[in-house]
Amino acid sequence: MMLLAIWLVPLAGAIVNWAFGPQLKRAAGVVGCVALAVPFVATILSWSAATQNAGSAVGMHQALFSWMPGFDFGLLLDPLSLIWALIITGVGFLIHVYSVGYMWNDNAIARFFAYMNFFVFAMLTLVLSDNFVGLLVGWGLVGLASYFLIGFWFFKPTAVAAARKAFVINVVGDVAIMFAIFLMFAKTGSTSFATVFGHVPALGNWLFLVCVFLFIGAAAKSAQIPLHTWLPDAMEGPTPVSALIHAATMVTAGVYLVARCWPLWNASHEAQLLVGTIGGLTALAGALLGIAQWDIKRILAYSTMSQIGYMIMGVGVTAYQAGVAHFFTHAFFKACLFLGAGIVIHELADEQDIRRMGGMRSRAPVAFFAMFASVLAISGFPGFAGFFSKDAVIFGALEHGHPWLYVIGIITAGITAYYMFRLFFVTFFGTYRGDLDPAQVGVMNPSEPAAHEPAHGETHAPAWLMGAPVAILGVFAVIAGYVMIGANSAWNRFFAQTFPSANLAAPAISEGWTTAILFVVMAGGIAIAYVRYATPVALADAPARLRAESQRLPAILVKLFYFDELIDWLFVKPSQALGRFFGSIFDPDVIDGGVRALVGFNTGLGTLVRGAQTGLLRSYALVIVFGAALFAVYYALQGAAR
Amino acid sequence: MHANLLPVALANYVALSSVIFFIGVAGVVLRRNPLIMLMSIELMWNAANLLFLAFARAWLNNAGHIFAFLVITVAAAEAAIGLAIVVIVFRSRANVDVDEVAMMKG
Amino acid sequence: MTVAFWILALLLIASAIFVITAQKPVHSVAGLLAHFLFLAITYFMLSAEFLGVIQLIVYSGAILMLFVFVIALLSSGVAPFAVGPDRLPKIAAPAVVIIAILLGFVAYAVSREPAVTPALHGVASGPVGTAGVFGSVADFGHALFTLNLLPFEITAFILMVAVVGVILLAGDHVPYVPTRRRARLVESDMREAIVRAGEE
Amino acid sequence: MVLLLILLPIAAGSVLFALPRGERLWSRVIGCVVAAATFALPLLDPNGGDFSARWLSRPFTASLHFSWSGFSLWLVLLLALCTFCAILATNAAQSRTMVALLLMLEGGMMGVFTARDILAFALFWDLMLIPPFFALIEWAPHRETAWRFLIYNFSGGLTLLLATAAFGILSGSTDVIGGTHQFAGSWAPWIFAGFAFAFAVKTPLWPLHTWMPNTYAELPPPFVAVISAVQSKAGLYGFIVIALPFLRSALVEWRWLLVALALVSLLYGAFVALTQTDTKRIVAYSSLSHLGLIVLAIASANPVAIQGALVYIVAHGLFSAALFLILGYLEEREETRSVLKLGGLGAVNPKLAGAFTIAALAALGLPGLAGFAGELVILTGVFRAGYFWPALIALVPIVLASAYMLRLLQDVINGPQVAALPRRPDLTVIEALAVAPLLAALLLVGIYPHALLAAVMR
């Protein structure tokens, strides 16, 4: 019952908002928030049941119905899904409250909350399902919700294109998971987690293939290279969407998938190597790309990609607790960063270019303090949430025997500190630059302001609607890591029954030294950012410096490592060319041409014999007589022979 | 007349019927006037009927009579339709030369 | 009997030839009428008195009347037909050959005796009109309305279709020629015919 | 009962011609009632409805034998539902003629789906081709489309008849559908070829598909809805009830060809759909792609894949009917079918946009809607049958489907409003009612496809 409540209440909220949207208007926000508060409370109430060892397996399980013969559907709440469900409903609730303020003056507020609630339902389907098909259903539905919300302002062509791109790339992931399901079903005859994980040896040679295809799915959803290009574009959606879907929850589904399938990963060393490497590379690439961005949300998007790279690296190298821990802390500080950025964007009437911001410290103090905490957290400053989890991931890579990933992790941490503080300094320090000529700060093609047209009788939302969630998230960005202190922390005990404990030899560099190295690298990153953007000299000269930097950015970073072009040239262009060739040459000329040749042959034959059709009645009669005569002759000969 | 056998040899009836039939054929093939063509067709029908009746008499089996009866009705229907066609062709062309009515030319 | 047959045969052939050689359709009709009369007599000689009567009533009475009506309709007032030489179609020569072959076949058939002696299904004796006598009306009617009822009904249906067809065809609507053009054609042809008649 | 199913629509269709030509209300009312009746009839008596009368004794025995059970029951219901919705959506000036033809089409197809005798099947096969032909003659802008449709499909009908005759003569009886005896011998491949050609033309399968895009683009939407949703399934139905049970050995011998053609259809349709600009042609080519998947399932001859094929047949019927009806509404409102000209419809006509979105999502295989269930189970079965690469290749069109379907959807309903387009009111109640059952069924089948199978497996 409890599980059904967690699962279905958001759906009910979505249906109510969808069906009665025009009547509800702003009350849709209340419906949306309640539809999240209920499952959040229900999840907390289920805590003890979900962590207990009931019978053979940990957690609450509820079988629901047989979807198809051999495909049974049920719900499962164990510690892993509990963590996700808590973040989805808890952080989701805060973001919903924030959204009421953010969407206060948007006419389509009911539609917005219908989509948001639907997303939560889909995400809960994903994490609560006890089998791969249910997971895939949730996987697809969150993609759909993401599609709707990215393209929420459907009159903007850029938003529409971004939504399509996100959906199509996510479908690549969906079909990859589908193929993994075929493999598992063919070998184990089931799609339920329990059965598949109980028969890992049965997969035999296909184990690596299963892992690869599952990971393609994870990579598409979690924006791992080379399937990451949709995530920065997805920032076309409203900011709360970016916070909930493209930072805190949906994009971490890949982490969930790998963590959920730990028995597979534990059994396949190649898969660990693959996933760890991709995760590390993504972390690095995201951080590098974050350096060259000016759009506040795109910087955050690349940082999300980079941080998920860490998580994937963590779970990939089988440091599952560490990877999940980074998801946990990241959800708070990244949501906080997005929502804070949302306050800033809201304050500036939808301006997103940080070059045209500056001095926001006084105009948005709540955002300033919350984001400061979060920036420190994401940089891994000791004492803040990110410090504990990121440290664990990086050290885990070394611990599990991947020194290269360890090095990449440390380098990335430095870059992260640099570009996050760059964002922070440029946005909040100095003086406001929005009233300067855009070209003066290096903005060549300024965006059109005001994505949504202000409605008549526009009123201001109460300030706490947006401020309180940001503040709460900011607090969590500080304290969320405290559950992870020490080897016998609450966090590790929580997952003791879920993930296997590995007995590992102590690595060459101890955890303490790792922390020290990380701190030095991070401090270096912050220092460079401070020197470049926040010294009094730099602040005084900010417009000129920003302009100069805009012109000097390396082309490869501005072009985002040419991934978009590469995908375009490798897949999109050939597909279109093929389609055009088939549709306008092959179909009409080759296939129909063949048919026409047949027709031509027949018409030719017809022309040959049409001479006989004189139209003269009497010659027809004569021909009939002629035929009759032939019969007569035949019978005469027959008779004569007899 | 009251004997069971034919008064005249069956072969003679066959020959007579054939001759009348071929006269009908000749009429259809040689004449251009559709009315005379139709009449020639009637000749052919009747030649066939004569044969039916002759054989019926020879074998004392009245199935031939039934058939001849049916032939007469069908011939009547055919004549009616044929004449109707002649009438409408004349209406539309004021000319009933069958060689000039060649709409079915391929 | 034999003599009667030969006379009738000659008359039948002669009238048939007249039918196909007469220049005017009315003459042909007259020839056909004579032909049908002789044929009816032949039928009587073959003990088929019902069919002989039918021949007279239906053919001579109904069908030939139809021909006469059509001739009268078409030739009222104007020169009826564009009468030209009755050209032979181009394949006349092979046609002659074929007909010759066929006639040869007929002669051959006549010259042979039937290979099988037919089994007889009744008697030809007794007064005409009595039941059970071959060729009597009662005998014919019995056969028609019992064993052959279905074909008989189908024949009725065929006649009905013919009636409907004739009404459709000869009615006011001539489907494949636009009315105005048809009227123009008829008009011009008639004018031409009158002019030609005046010249003659 | 079962005869009523066939004869009622045909009779009602004939009677409708007695109404005046421009009649719009009563023809639709009668049509809807008849279609609803044909929907209710099998539901009242799901197992019954067997009618049999000896038709031929020589040279082989054949019966006019009809019944509904299992698989055909679902197609009968699908057909009745689609016809109902199509008639409801009929809004042309000539609705009388259209409704009458739709009913006759329904009757003919009912015969195909309920026939238990291959000869009767072949008879109704040809019969069901006639109403669309007349519809094309009446409404298609190009006369040759009608002839192309007729010639392609009747040549299929001819090989079907020849194969039926050969089958009957060699096995003694054609009253066999529903049984499973194996037909072997040197003639088996030829008979299979005859059946397969007919079914492949109707489905259609590459390279016999070129009649389809024009036909679908030029027929009035209610007609395309029925033709693409149900009539195209006749070929697949034939494969499943005739080719699979009786000619399995020939099928197995030639399955490499079927698999290859199915894969080509899958990819070919998807690639072409990517670049077409006519909304109806996009969906037409997507049909080529989707139905290729079902042929793949049949060629694999794996029981799981066949179950999936059944689900997908129903799913494709539902979403293609919905899509074509919606595209019809769209064309009626915007007076164009080019995606290059359309745009921004969502703001003006939100209900239309919503319905369109659901249908398009089902078509691209969104999890939770019917299309996904079919795709997943089909490919699972195909994979289980040992077709590793075909199953992998068949995933590519799913990605392409999301690309072309979203392109279609977004180009029409999203983006800024186009000033040149006329602004028309949103869906009327009747129009919405015409697509609502289809969309609801899509959702139901997507969430609980087992119900569908349970009825068939019983």
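Listed residues A:Ala218, A:Ala248, A:Ala287, A:Ala223; which is under 19 Å from the mean Cα position of the chain (by Cα), buried (at least 24 other Cβ atoms within 10 Å of the Cβ) and on the phi > 0 side of the Ramachandran plot?
Numbers: A:Ala218 fails: on the phi > 0 side of the Ramachandran plot; A:Ala248 fails: on the phi > 0 side of the Ramachandran plot; A:Ala287 fails: on the phi > 0 side of the Ramachandran plot.
On inspection, the qualifying residue turns out to be A:Ala223.
Counting only residues that are assigned to a loop (DSSP other than H, G, I, E, B) and in contact with a helix residue (DSSP H, G or I) (Cβ under 7 Å, 6 or more places away or on another chain), segment A:171-217 holds 3 of them. The C-beta contact set for segment D:102-126 (first residue touching a residue at least 60 places away in the same chain (Cβ under 8 Å), second residue crowded, with 24+ Cβ neighbours inside 10 Å and among the acidic types (Asp, Glu), distance under 6 angstrom, 6+ apart or interchain) comprises D:Asp117/D:Asp175.
The single condition from (1) of a type outside the set (S, T, N, Q); (2) in a helix (DSSP H, G or I); (3) surrounded by fewer than 18 Cβ atoms within 10 Å (Cβ to Cβ) that D:Leu421 fails is (2).
Working carefully through the options A:Phe571, A:Phe601, A:Phe563, A:Phe582, find the one that is in contact with a His (Cβ under 9 Å, 6 or more places away or on another chain) and either of a type in the set (Asp, Glu) or more than 14 Å from chain B (Cβ to nearest Cβ) (or both). First the steps, then the outcome.
Working: A:Phe571 fails: in contact with a His (Cβ under 9 Å, 6 or more places away or on another chain); A:Phe601 fails: in contact with a His (Cβ under 9 Å, 6 or more places away or on another chain); A:Phe582 fails: in contact with a His (Cβ under 9 Å, 6 or more places away or on another chain).
When all the criteria are applied, what remains is A:Phe563.
Residue by residue, here is whether (1) more than 19 Å from A:Ile591 (Cα to Cα); (2) surrounded by 24 or more Cβ atoms within 10 Å (Cβ to Cβ) holds:
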site: D:Lys202; (1), (2): no, yes
site: D:Tyr216; (1), (2): no, yes
site: D:Leu247; (1), (2): yes, yes
site: D:Val252; (1), (2): yes, no
site: D:Ala270; (1), (2): no, yes
site: D:Ala284; (1), (2): no, yes
site: D:Ser287; (1), (2): no, yes
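Restricting attention to segment A:4-28 and to residues that are modelled with pLDDT under 85 and not hydrophobic (A, V, I, L, M, F, W, C), the residue that is nearest to A:Ala122 (Cα to Cα) turns out to be A:Gly21.
Residues A:Val175, A:Val133, A:Val160: which one is in contact with a Phe, Trp or Tyr (Cβ under 7 Å, 6 or more places away or on another chain), within 14 Å of chain D (Cβ to nearest Cβ), crowded, with 23+ Cβ neighbours inside 10 Å and free of Cβ contacts under 8 Å to residues at least 24 places away in the same chain?
Numbers: A:Val175 fails: in contact with a Phe, Trp or Tyr (Cβ under 7 Å, 6 or more places away or on another chain); A:Val133 fails: free of Cβ contacts under 8 Å to residues at least 24 places away in the same chain.
Answer to the selection: A:Val160.
Considering segment A:82-125, the residues that are more than 14 Å from chain D (Cβ to nearest Cβ) and polar (S, T, N, Q) include one that is farthest from A:Pro238 (Cα to Cα), namely A:Thr89.
Annotation note: of A:Ala202, A:Ala218, A:Ala186, the sole residue that is among the aliphatic types (A, V, I, L, M) and in contact (Cβ under 8 Å) with a residue 60 or more places away in the chain is A:Ala218. The set of residues in segment B:57-72 being at the interface with another protein chain (Cβ under 7 Å from one of its Cβ atoms) and either among the aliphatic types (A, V, I, L, M) or within 14 Å of C:Phe50 (Cβ to Cβ) (or both) consists of B:Arg57, B:Ala58, B:Leu60, B:Asn62, B:His65, B:Ile66, B:Ala68, B:Phe69, B:Leu70, B:Ile72. Whether a residue is outside any helix (DSSP H, G or I) and at pLDDT below 80 was assessed, and D:Pro46 passes this test. Annotation note: Cβ proximity below 8 Å between a residue of segment A:396-416 that is charged (D, E, K, R) and a residue that is modelled with pLDDT of 90 or more and assigned to a helix (DSSP H, G or I) (sequence gap 6+ or interchain) occurs for no pair.
Picking from residues in segment C:1-22 that are more than 9 Å from every other protein chain (Cβ to nearest Cβ) and surrounded by fewer than 19 Cβ atoms within 10 Å (Cβ to Cβ), the one that is modelled with the lowest pLDDT is C:Val3. Of all residues in segment A:1-37, how many are closer than 24 Å to A:Asp130 by Cβ and either more than 26 Å from the chain's Cα centre (by Cα) or of a type in the set (Asp, Glu) (or both)? Result for segment A:1-37: 2. Taking segment D:283-307 on its own, how many of its residues are closer than 12 Å to D:Tyr404 by Cα and either facing chain A (nearest Cβ under 10 Å) or in contact with a strand residue (DSSP E or B) (Cβ under 7 Å, 6 or more places away or on another chain) (or both)? Total meeting the criteria: 1. Here A:Leu128 meets the list (1) within 11 Å of chain D (Cβ to nearest Cβ); (2) under 20 Å from A:Ala248 (Cβ atoms); (3) touching a strand residue (DSSP E or B) at 6+ places or on another chain (Cβ under 6 Å) almost entirely, failing just condition (1). Checking each residue in segment D:26-69 for being surrounded by fewer than 16 Cβ atoms within 10 Å (Cβ to Cβ), of a type in the set (Ser, Thr, Tyr) and in contact (Cβ under 8 Å) with a residue 24 or more places away in the chain picks out only D:Ser52. Pairs under 8 Å by beta carbon, first residue without any contact (Cβ under 8 Å) to a residue 40 or more places away in the chain in segment D:406-432, partner part of a helix (DSSP H, G or I) and of a type outside the set (D, E, K, R), six or more apart or different chains? That search, which allows pairs on different chains as well, returns D:Gln410/A:Val160; D:Gln410/A:Ala163.
Grab the helices (runs of 4 or more DSSP H) fully contained in segment A:531-642, keeping just those with 3 or more residues being closer than 30 Å to A:Gly442 by Cβ and modelled with pLDDT of 80 or more.
Details: elements: A:536-540, A:542-552, A:555-558, A:563-567, A:573-581, A:592-610, A:617-641.
Passing ranges, in order: A:536-540, A:542-552, A:563-567.
For segment A:499-519, the count of residues that are under 28 Å from the mean Cα position of the chain (by Cα), among the hydroxyl-bearing types (Ser, Thr, Tyr) and outside any helix (DSSP H, G or I) is zero.
The values are calculated or read from the model by the stated rules, or taken from the named source; none is laboratory data. Since this is a predicted model, take the numbers as computed values, not measurements. Every residue, glycine as well, gets a Cβ built from its backbone with ideal geometry; the counts of neighbours run over all protein chains shown.
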